[in-house]
Amino acid sequence: EEKTSFDTLFGNVDSSQLLIEVHNDSASLEASSTLEDVGGYYNAINQTLHLRSNDDNWENVLLHEYTHYRIDQFSEKQNLPLSRLPLWFQEGVSELLGNTESYGIDLESVETLDFHVLDSNNTFHQTSNENYDPYIQSFLAVESLVNDHGMKIIPELMLSDTINEFYQKLEAVTRKNLAEFQETFIRD
């Protein structure tokens with residue numbers, strides 16, 4: 001049902017190589033991953049999506065992980081390395097397309113970190129604790145960009161060759177330096 005909107009955003013891809021593995025429980029899912037307390041994941045090496053069958057939000061998890069797959073396919077089709085995109089942007093797009101909504105997020109209490117801390121996989125996941133969720137900051141930042149510039153902003157930013165170019169494009173589009181964007185995107 002969602003493939004057409006993904007094709008519009010990312011271009012058509014042959015998804016015949018994609019495999020979706022549904023795990024019976026969290027233990028099975030975590031055993032297949034290097035992550036702890038994971039709700040689902042995409043393995044780019046063998047193009048597999050992994051999720052739990054007993055998750056009430058399995059459809060959202062599927063769309064979130066499918067978005068990672070489509071970002072990966074877009075990058076491959078454009079002959080661009082995936083490492084050129086900050087992880088916060090990839091996760092924010094995946095949260096947005098996974099049908100996360102800002103309704104219910106207490107915007108007054110959302111803490112933010114410097115986006116550069118959220119650029120890589122290691123630092124992104126290390127920031128998560130009971131007081132801070134990097135997925136929320138990532139989602140709200142991408143949602144703000146889409147609200148202001150439409151969905152076309154996603155592939156425009158994804159065509160960056162490097163993380164530095166990504167940030168240059170982000171600053172050009174928002175007409176704000178990164179610090180200003182970080183300070184205002186939740187309010188906006």
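Peptide packing for 18-28, 43-53 was compared via the average number of neighbouring C-beta atoms within 10 Å per residue; ordered from the highest value, the list is 43-53, 18-28. Accessible surface calculations at 1.4 Å, restricted to protein heavy atoms, place region 1-151 at 54 Å² per residue. Shape analysis of region 128-188 based on the Cα gyration tensor places the equivalent ellipsoid semi-axes at 20, 13, 12 Å, largest first.
For the listed peptides 164-170, 85-91, a ranking on the average number of other beta carbons within 10 Å per residue, highest first, reads 85-91, 164-170. Please identify which residues in region 1-39 have an amide N closer than 13 Å to a label point set 7 Å out from the Cα of residue 121, following the Cα→Cβ vector. So the set is 33-36. Near residue 185, once Lys and Arg are set to +1 and Asp and Glu to -1 for all other residues with Cβ below 11 Å from its Cβ, the sum equals -3.
Measuring nothing but protein heavy atoms, the accessible surface of the chain at 1.4 Å probe radius is 45 percent carbon and sulfur. I need the shape label for the chain. Rule: rounded when a/c is under 1.5, else prolate if a/b > b/c, else oblate, with a, b, c from the alpha carbon gyration tensor. Since a/c reaches 1.5 but b/c is at least a/b, the shape of the chain is classed as oblate. The calculated FRET efficiency for the pair residue 2 and residue 46, based on their C-beta separation and a Förster distance of 22 Å, comes to about 0.45. The modelled label-to-label distance for the pair residue 37/residue 59, using points 7 Å beyond Cα in the direction of Cβ, is 2.8 nm. Across all directions, the shadow cast by the convex hull of region 1-89 built on its C-alpha atoms averages 6.3 square nanometres. Computed from backbone phi, the HN-Hα couplings of region 115-121 come to 4, 4, 5, 9, 5, 10, 4 Hz, rounded to whole numbers (Karplus: 6.51 cos²θ - 1.76 cosθ + 1.60, θ = phi - 60°; Gly and Pro given as x).
I need the calculated FRET efficiency for the pair residue 171 and residue 82, taking r as the beta carbon distance and R₀ as 22 Å, to the nearest 0.05. Given R0 = 22 Å and the Cβ-Cβ separation, E is 0.50.
The values are calculated or read from the model by the stated rules, or taken from the named source; none is laboratory data. Values in this document were obtained by computation on a predicted structure and should not be read as measured data. Here the Cβ is made from the backbone with ideal geometry for all residues, glycine too, and neighbour counts use every protein chain on show. The area values use the complete protein model at the heavy-atom level, side chains included, leaving out ligands, DNA and RNA. Shrake-Rupley method; radii C 1.70, N 1.55, O 1.52, S 1.80 Å.
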